[in-house]
Amino acid sequence: MWARQLSTALGVPRCGVEATAEQASFGIVGSQRGWSNAQPGRPLMTILKHLIANPVVVVDEVEKAGVATSTKGNCFGLTEGLLSLLEPSSAASWQCPYY
């Protein structure tokens, strides 16, 4: 609730991710082209929609996020996807897999 009110007070757009429903990192970081449902992640879609580079991203109930595992054993957990965006040095060089 605080983050939602903050975005309103600052006048910046916000996007939300419900961690209990979004088990994989694709909603945050996006997915590579070539997949039938490929798209950029919600933060980047919010940036492109509003043309503002610093939206507030609300990840609700992140402590309850699960891990999506592929049939080949690859893990695509929501928290792993967030780590690359929260750590300053990796965030500075992060590239969207969709673009």
Complete set of residues in the stretch 68-99 that are in a helix (DSSP H, G or I), modelled with pLDDT under 90 and open to solvent by 90 Å² or more (accessible area, probe 1.4 Å): 80, 83, 86
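Would you confirm, using the coordinates I've provided, whether residue 32 is touching a strand residue (DSSP E or B) at 6+ places or on another chain (Cβ under 9 Å), among the polar types (S, T, N, Q) and either open to solvent by 90 Å² or more (accessible area, probe 1.4 Å) or modelled with pLDDT under 90 (or both)? Let's see the steps before the verdict.
Values: touching a strand residue (DSSP E or B) at 6+ places or on another chain (Cβ under 9 Å): no; among the polar types (S, T, N, Q): yes; either open to solvent by 90 Å² or more (accessible area, probe 1.4 Å) or modelled with pLDDT under 90 (or both): yes.
So residue 32 fails the test.
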Number of the condition not met by residue 65 [criteria: (1) within 24 Å of residue 12 (Cα to Cα); (2) open to solvent by less than 80 Å² (accessible area, probe 1.4 Å)]: (1)
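Quick one: in the stretch 1-21, which of the residues that are open to solvent by less than 50 Å² (accessible area, probe 1.4 Å) and touching a helix residue (DSSP H, G or I) at 6+ places or on another chain (Cβ under 7 Å) is farthest from residue 51 (Cα to Cα)?
In the first step, residues of the stretch 1-21 are kept if they are open to solvent by less than 50 Å² (accessible area, probe 1.4 Å); the result is 3, 7, 12-13, 15-17, 19.
Remaining after also requiring touching a helix residue (DSSP H, G or I) at 6+ places or on another chain (Cβ under 7 Å): 13, 15, 17, 19.
Values: 13: 10, 15: 14, 17: 20, 19: 25 Å.
By that ranking, first place goes to 19.
Please specify each residue of the stretch 5-24 satisfying the condition of being within 16 Å of the chain's Cα centre (by Cα) and not acidic (Asp, Glu). Walk me through it before giving the result.
Here is the first cut: in the stretch 5-24, the residues within 16 Å of the chain's Cα centre (by Cα) are 13-24.
Passing the criteria: 13, 14, 15, 16, 17, 19, 20, 21, 23, 24.
The values are calculated or read from the model by the stated rules, or taken from the named source; none is laboratory data. Just so it is clear, the model here is predicted, and its values are computed rather than measured. All Cβ positions, glycine included, derive from the backbone under ideal geometry; neighbour counts span all protein chains shown. Side chains are part of the model used for accessible areas, which takes the heavy atoms of the whole protein and leaves out ligands, DNA and RNA. Shrake-Rupley method; radii C 1.70, N 1.55, O 1.52, S 1.80 Å.
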